[in-house]
There are 2 protein chains.
Amino acid sequence: MIVSAEEARALATEILRENGATERHAEIQADLLIEAELRGYASHGLFRLNRIIERIRNGVADPRTIGDRVWVTPGMLRVDGKMGLGPVVAVYALDEVSKRSHEIGIAAAAIHNNNHLGMLAWYAERIAQSGQIALCFSTSEALVHPWGGRTAMIGTNPIAIGIPAQPFPFVLDMATSLVAMGKIHDHANRREPIPSHWAVDQHGNPTTDAEAAKTGAIAPFGEAKGYALGLAFELLVSVLAESALGASVKGTLDSLDICNKGDVFIILSPGTGAGYNTYLSAYLDAVRACRPMAGFDGVSIPGDRSRACRQQRLETGLPIPDEVWDQLLRLSASHALHQIQGAIQ
Amino acid sequence: MIVSAEEARALATEILRENGATERHAEIQADLLIEAELRGYASHGLFRLNRIIERIRNGVADPRTIGDRVWVTPGMLRVDGKMGLGPVVAVYALDEVSKRSHEIGIAAAAIHNNNHLGMLAWYAERIAQSGQIALCFSTSEALVHPWGGRTAMIGTNPIAIGIPAQPFPFVLDMATSLVAMGKIHDHANRREPIPSHWAVDQHGNPTTDAEAAKTGAIAPFGEAKGYALGLAFELLVSVLAESALGASVKGTLDSLDICNKGDVFIILSPGTGAGYNTYLSAYLDAVRACRPMAGFDGVSIPGDRSRACRQQRLETGLPIPDEVWDQLLRLSASHALHQIQGAIQ
């Protein structure tokens with residue numbers, strides 16, 4: 001079904017409030033989910049809300065806290081998320097680090113004991129729009145095998161990079177896995193095969209069976225180099241946040257475990273002026289105008305496609321699978337009450 | 001021919017001194033080249049010295065300067081390399097940033113007007129050995145095409161990441177191109193074809209002709225994701241260092257142009273203790289022990305292979321192509337003098 005972004009936002013916010021989130025926290029978490037839907041990343045969208053609510057009800061997500069933040073050094077903010085909502089804890093940390101970075105040129109946050117951040121582009125864009133550079137990292141459950149190895153030992157460890165540019169910031173957001181586990185689940189649900197280089201089965205053998213891949217491991221993107229980067233991000237985050245590594249990471253895919261992954265944000269404040277911005281933006285336009293190879297419609301800059309999608313969906317609405325929308329309606333106590341009242345009358 | 005690392009180091013240092021480098025600067029530049037040879041990266045090794053000397057003689061590399069360093073904010077060191085030797089300017093900046101990062105938790109250097117850095121692993125390892133995390137970036141001439149585009153518009157933009165670990169630090173060093181341009185030149189020299197996904201010719205068509213690829217563009221590693229990362233690093237460095245972008249970058253492959261690329265180092269000081277180090281090192285050992293897939297001897301951690309190579313070559317010596325060694329001997333004035341004296345006697 002098609003739902004307007006504002007209707008979906010209102011419902012998501014209401015559900016979060018009903019489950020104990022303050023007005024502001026509900027707005028932050030809902031905005032992240034709606035922005036993911038707008039940009040075409042349904043895997044980070046409203047379908048995630050059910051798990052978030054389950055985690056609140058199970059006591060492994062606290063929708064009221066913003067976490068404890070301590071500047072361990074002038075440039076490094078250490079954050080104990082206190083099991084808060086991922087984007088709530090992150091946004092409060094991010095705003096503090098952004099302010100500090102404006103003062104001293106660079107600052108970082110290392111966050112542990114925080115719930116799932118969702119789409120990293122949301123954070124990178126927030127910072128880039130304020131004229132700063134953001135490097136965003138987060139770890140996840142081990143779903144990716146090392147290059148040449150048979151077992152899932154590394155998270156899908158996304159990176160987002162936001163850089164100020166005109167008329168809109170440059171925003172890269174990518175996992176270091178070749179594909180998302182959600183994509184493999186989609187294929188399994190539709191009983192479609194997957195390409196043999198995407199994943200291995202539980203024995204570590206390449207498989208085209210999406211169902212078998214679900215209990216196996218996803219390949220890293222970019223072969224040995226992508227593996228190396230994903231591993232480096234796993235270590236980088238863990239060293240700074242003192243968060244769990246590899247198969248010890250829990251709590252972003254389930255409803256019961258305390259989430260022990262880590263998040264790291266590095267914010268840099270460039271001193272470059274308007275002339276430079278023109279130079280950079282002209283370069284990006286030149287790359288967009290690069291003559292496409294056979295089989296390609298054109299060259300796109302990271303963030304272009306999701307921005308176009310967002311623009312369109314603001315007008316046409318969000319395509320939400322019926323079962324996801326029904327689940328949201330069931331999560332909403334006031335909606336349920338409304339239905340009961342309707343039935344009684 | 002096989003030359004001991006110390007003999008090669010002595011010759012390289014002598015050549016640099018004879019061309020105006022101070023004792024310390026000659027040692028720094030020579031150490032970088034020798035360490036590249038020891039690790040098996042001949043493309044960053046002694047063969048580069050001829051170009052460095054040509055650049056000194058042409059006045060686009062100054063072997064005496066360490067550049068001008070200014071803390072524009074407490075966390076951001078802005079460096080005008082004053083056309084110094086790449087590793088000399090970088091090491092002085094790095095040491096200052098490392099010290100500041102110890103004090104405030106994180107600090108960065110943005111360097112412009114500096115010559116080629118060479119192997120980034122050398123810098124990342126230096127920092128990781130001191131217990132800090134290093135993120136190292138440098139841009140280069142545009143040799144890489146955007147994903148789906150026909151023209152070289154992006155540098156090979158390497159990244160190095162160094163992270164403290166036991167018994168040796170984790171050191172990742174990789175270009176964001178699929179292969180090095182040096183590898184394509186090697187194939188052209190040997191008149192061997194290249195795989196069709198490595199590069200395009202000057203018209204932007206995929207080619208297996210290494211000679212044609214030399215005037216074309218190399219593919220980014222990891223398809224769209226690797227392209228996105230390489231582009232992000234191009235912007236990141238350029239915004240911070242106010243260095244040139246894309247096809248405007250010059251001076252790392254020629255002997256005449258002032259080098260206008262940029263370098264960025266971010267150094268973070270984790271507060272983690274010995275217990276954590278054990279945890280991280282155990283994780284790395286577990287990844288090394290991951291059962292290999294068919295066709296693989298084992299899983300390796302970035303830096304392992306080059307470390308093993310270094311250990312071996314310290315004992316067995318460096319395999320240097322005769323023409324590279326002869327070129328070094330010709331560069332050495334005192335060696336030439338020695339030969340002339342021998343001929344006269």
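The values are calculated or read from the model by the stated rules, or taken from the named source; none is laboratory data. All figures in this text were calculated on a predicted structure; none of them were measured in a lab. With ideal geometry, Cβ positions are generated from the backbone for all residues, glycine too; neighbour counts draw on all protein chains shown. Please note that ligands, DNA and RNA were not included when accessible areas were found on the heavy atoms of the full protein model with its side chains. Shrake-Rupley method; radii C 1.70, N 1.55, O 1.52, S 1.80 Å.
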For the A:VAL72, B:MET1 Cβ pair and Förster radius 45 Å, calculated FRET efficiency rounded to 0.05 is 0.25
Counting other chain Cβ atoms within 10 Å of each Cβ in B:63-72 and taking the mean gives 1
What a careful reader reports for the chain B Cβ nearest the rotation axis onto chain A, distance rounded to whole angstrom, is B:GLY222, 1
For the table A:LYS225/B:LYS214; A:LYS99/B:LYS99; A:LYS183/A:LYS261; A:LYS261/B:LYS261; A:LYS225/B:LYS82; A:LYS225/B:LYS261, the rows whose alpha-carbon distance is greater than 25 Å are A:LYS261/B:LYS261; A:LYS225/B:LYS82
Distances in nm between the label point of A:GLU54 (7 Å along Cα→Cβ) and its equivalents in the other copies, shortest first, are 6.4
Simple SL model, points at 7 angstrom along Cα→Cβ for B:LEU337 and A:ALA282; separation in nm is 5.0 nm
Counting other chain Cβ atoms within 10 Å of each Cβ in B:173-184 and taking the mean gives 1
Filtering chain B for DSSP H helices with an axial alpha carbon extent of at least 15 Å and a Kyte-Doolittle mean of at least 1.0 returns B:223-241
The alpha-carbon center of the stretch B:152-203 and that of the stretch B:67-138 are separated, in whole Å, by 23 Å
Output for the protein assembly as shown (equivalent-ellipsoid semi-axes, sqrt of 5λ from the C-alpha gyration tensor, Å, descending) is 47, 26, 24
Square roots of five times the C-alpha gyration tensor eigenvalues of the stretch B:194-262, ordered largest first and given in whole Å, equal 25, 17, 8
For B:HIS116, A:HIS197, the accessible-area ranking with a 1.4 Å probe, largest leading, is A:HIS197, B:HIS116
If each part is reduced to its alpha-carbon centroid, the stretch B:15-37 and the stretch A:293-327 end up apart, in Å, by 53 Å
With the label set 7 Å along Cα→Cβ, A:PRO319 is separated from its counterparts in the other copies, in nm and shortest first, by 5.5
In debye to the nearest 20, the charge dipole size for chain A, taken about the Cα centre with +1 at each Lys and Arg Cβ and -1 at each Asp and Glu Cβ, equals 400 debye
Counting other chain Cβ atoms within 10 Å of each Cβ in B:307-317 and taking the mean gives 0
By the C-alpha gyration tensor axes a ≥ b ≥ c (rounded if a/c is under 1.5, else prolate when a/b exceeds b/c, else oblate), the shape of chain A is rounded
Interchain or sequence-distant (5+) residues whose placed amide H lies within less than 5 Å of the amide H of B:LEU318 are B:VAL3, B:SER4, B:ALA5
Toy charge model, Lys and Arg Cβ at +1, Asp and Glu Cβ at -1: the stretch A:23-170 dipole around Cα centroid in debye, rounded to 20, equals 280 debye
Copies of B:TRP71 compared via label points 7 Å along Cα→Cβ give distances in nm, shortest first, of 1.5
Given the candidates B:GLY262, B:ASN189, B:ILE340, the one whose Cα lies deepest towards the positive end of the charge dipole of chain B, counting +1 at each Lys or Arg C-beta and -1 at each Asp or Glu C-beta, is B:GLY262
